[in-house]
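First comes the structure, then the notes that go with it.
The values are calculated or read from the model by the stated rules, or taken from the named source; none is laboratory data. As the structure is a computational prediction, the values presented were derived from the model and not from experiment. Cβ placement follows ideal geometry from the backbone for every residue including glycine, while neighbour counts extend to all protein chains displayed. Note: areas computed on protein heavy atoms with side chains; ligands, DNA, RNA excluded. Shrake-Rupley method; radii C 1.70, N 1.55, O 1.52, S 1.80 Å.
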Amino acid sequence: MSANSPQPLGASTAATDISTQQAVYLPPSELAAKYNKGIQRPQVVQPHASASKAGSTKIKSIENFYVRPRWLFVRVETEGGVVGWGEGTLEGHTEAVQGSLKDIARRLVGWDAMNIEEIYTYLLRHRFYRGGEVLMSAMSGVDIALWDIKGKVLGVPVWELLGGKIRERCDVYGWVGGDRPSDVLEQAKVRKEQGFTRVKMNATESIGWLDSPHALDETVKRLAEVKSIGIDAGLDFHGRVHKGMAKQLAAALEPHRPLFIEEPLLPGHVNELKDLYNKTTIPIALGERLFTRLDCRPYFEAGCIDIIQPDIAHAGGISETKKIAIMAEAYDIGVAPHCPLGPLAFAASLHVGFSTPNFVVCEMSWKMHYNTGGFDLFTYMKNPEVFQVQNGSVGLLTTPGLGIELDEDLIRKEAAEAEKLEPWINPLFRGDDGMIREW
């Protein structure tokens, strides 16, 4: 007779004996005990000397510097001598953003740098034409610099201004391969030695609208090779793969369980992306070519992505990126900032991550294939140790503002040299018939 078979009235069974036993609770885990009273890392607050002087936080000047490999830095200085740095890099469109920054600088001199939301609202709404990658990238550079200033004036890190820290480390991933991915296994081994537990690589090279199914074989092979060493990998389709091929590729990749697939279709194809979403269990990520909450809204409402990837240098800076993240949480969507850029964009992205519950991982451009000519993520930094990667993550930035120190003399010197050169532009892909393909 089983324990759950009918029994005479009043009889005891194994099931009733188990149900009357006193509940046994396991002791708190090590992490539960450590964070019993929340994250305890007291900050020493030391406001800037100018903080007590009326008018000292007015914007005195706004400058921008194009530096190699392909970054656009923005420098904002107050009347009180506080300097904030931001980044408005828009890869391949540097001069367009510089033109917009010239207009912004003319408008904002004399405004109070501490009124970040007012300035953001003015730049977004007052000029009638709004949004788009050029205007939003210019706004991003200024916005990030203003948050840097506010943190320095008040003597606190930017994450403190965003509601405080919710984590002590932010997960990051590095790149392997290049625009035409190759040698990914050896590069993944190097990344693992550098402390990464996740990488990202381009899924395909140039690919036709309807290509041979065998054109996808190498993609599957590369993912299997990278995962064989115990490291996770996201695959960036980069909008190169049209829907007839994208659904084949997603199906072929699914047994190998990539961390995510990014831009499996070009932005704008919301309904088509939803169809793909319903055909795969792989998390779908997208967002580097979306610049405002309104741009993101159709994807959130359609339920066709799992991860939103705003680029803080394109999406209005810290102000708009944080709002996108808050909006995404309501749809159970994670936030993974897109950031194949410079140290200012990376630091700003981390501050959003430190203060955002649904942050999942951030891109890191250290030793990325775009960083050529001896220029890399740490080139213009005096304190690169703050970006040290350990166990796949970067620790809390704790000094006022963005928490990074730049070599301004080097930036000015390099900008003078870079001004003599043609700005970076993206490669051009063509098919065998001469037709231009998606990069």
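Which ones in the stretch 358-378 are of a type in the set (D, E, K, R) and surrounded by 19 or more Cβ atoms within 10 Å (Cβ to Cβ)?
Glu363, Asp376, listed by residue number.
Just wondering, is there one or more residues in the stretch 191-205 that are open to solvent by 30 Å² or more (accessible area, probe 1.4 Å) and within 17 Å of the chain's Cα centre (by Cα)? Quick ask: steps written out before the conclusion?
Start the filter on the stretch 191-205 by keeping residues that are open to solvent by 30 Å² or more (accessible area, probe 1.4 Å), which leaves 192-194, 197-198, 205.
With the extra rule that they be within 17 Å of the chain's Cα centre (by Cα), the set shrinks to 197-198.
Within the stretch 191-205 (the criterion being open to solvent by 30 Å² or more (accessible area, probe 1.4 Å) and within 17 Å of the chain's Cα centre (by Cα)), the answer is yes, since at least one residue qualifies.
Any residue in the stretch 319-332 that is within 17 Å of Phe354 (Cβ to Cβ) and not assigned by the TED database to the domain that holds Val142 sitting within a Cβ distance under 6 Å of a residue that is open to solvent by less than 90 Å² (accessible area, probe 1.4 Å) and of a type in the set (Asp, Glu)? List the pairs, counting only those 6 or more apart or interchain.
Short answer, once both residue conditions are applied: Ser319/Asp143.
So the check is Cβ under 8 Å with 6+ separation or different chains; which pairs have a first residue in the stretch 409-437 that's open to solvent by 100 Å² or more (accessible area, probe 1.4 Å) and a second one that's outside any strand (DSSP E or B)?
Ile425/Gly92; Leu428/Trp439; Arg430/Ser206
Would you mind stating whether Leu350 is in a helix (DSSP H, G or I) and touching a residue at least 40 places away in the same chain (Cβ under 8 Å)?
For Leu350, the condition - in a helix (DSSP H, G or I) and touching a residue at least 40 places away in the same chain (Cβ under 8 Å) - is met.
Can you list residue pairs whose Cβ atoms sit under 9 Å apart, with the first residue in the stretch 261-277 being of a type in the set (Val, Ile, Thr) and the second being open to solvent by 30 Å² or more (accessible area, probe 1.4 Å)? Count only pairs 6 or more apart in sequence or on different chains.
Taking only residues 6 or more apart or on different chains, the pairs are Ile261/Pro283; Val270/Pro298; Val270/Glu301; Val270/Ala302.
How many residues does the stretch 295-346 contain that are within 10 Å of the chain's Cα centre (by Cα) and small (Gly, Ala, Ser)?
3
Looking at the stretch 159-187, which of its residues are open to solvent by less than 20 Å² (accessible area, probe 1.4 Å) and under 16 Å from the mean Cα position of the chain (by Cα)?
Initial filter on the stretch 159-187 (open to solvent by less than 20 Å² (accessible area, probe 1.4 Å)): 159, 164, 170, 172-178, 181, 184.
Passing the criteria: Trp159, Cys170, Val172, Tyr173, Gly174, Trp175.
Can you tell me how many residues within the stretch 81-103 are outside any helix (DSSP H, G or I), over 26 Å from Pro47 (Cα atoms), open to solvent by less than 50 Å² (accessible area, probe 1.4 Å) and not charged (D, E, K, R)?
Residues flagged as outside any helix (DSSP H, G or I), over 26 Å from Pro47 (Cα atoms), open to solvent by less than 50 Å² (accessible area, probe 1.4 Å) and not charged (D, E, K, R) within the stretch 81-103 amount to 4.
Between Leu294, Leu344, which is under 22 Å from Gly195 (Cα atoms) and at pLDDT 95 or above? Please lay out each step first, then the result.
Numbers: Leu294 fails: under 22 Å from Gly195 (Cα atoms).
Criteria check complete, one pass: Leu344.
Quick check on my filter: what residues within the stretch 379-401 are part of a loop (DSSP other than H, G, I, E, B) and either modelled with pLDDT under 95 or surrounded by 15 or more Cβ atoms within 10 Å (Cβ to Cβ) (or both)?
Thr379, Tyr380, Gly392, Leu396, Leu397, Thr398, Thr399, Pro400, listed by residue number.
Just to be sure before I move on: is Val241 buried (at least 21 other Cβ atoms within 10 Å of the Cβ), modelled with pLDDT under 95 and not assigned by the TED database to the domain that holds Tyr129 in the structure I sent?
yes
Taking the conditions exactly as written (under 30 Å from Ile207 (Cβ atoms), of a type outside the set (S, T, N, Q) and in the same structural domain as Phe260 (by the TED database)), does Leu341 satisfy them or not? Lay out the reasoning, then the answer.
Numbers: under 30 Å from Ile207 (Cβ atoms): yes; of a type outside the set (S, T, N, Q): yes; in the same structural domain as Phe260 (by the TED database): yes.
So Leu341 fits the description; yes.
Which residue pairs have Cβ atoms under 8 Å apart, sit 6 or more places apart or on different chains, and have a first residue in the stretch 384-402 that is in contact (Cβ under 8 Å) with a residue 12 or more places away in the chain and on the phi > 0 side of the Ramachandran plot and a second that is in a loop (DSSP other than H, G, I, E, B) and open to solvent by 10 Å² or more (accessible area, probe 1.4 Å)?
Asn391/Gly195; Asn391/Thr197; Gly392/Gly195; Gly392/Thr197
Residue-wise test of (1) in a helix (DSSP H, G or I); (2) within 23 Å of the chain's Cα centre (by Cα); (3) under 15 Å from Val76 (Cα atoms).
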residue	(1), (2), (3)
Ala105	yes, no, yes
Met114	no, no, yes
Glu117	yes, yes, no
Tyr122	yes, no, no
Arg130	no, yes, no
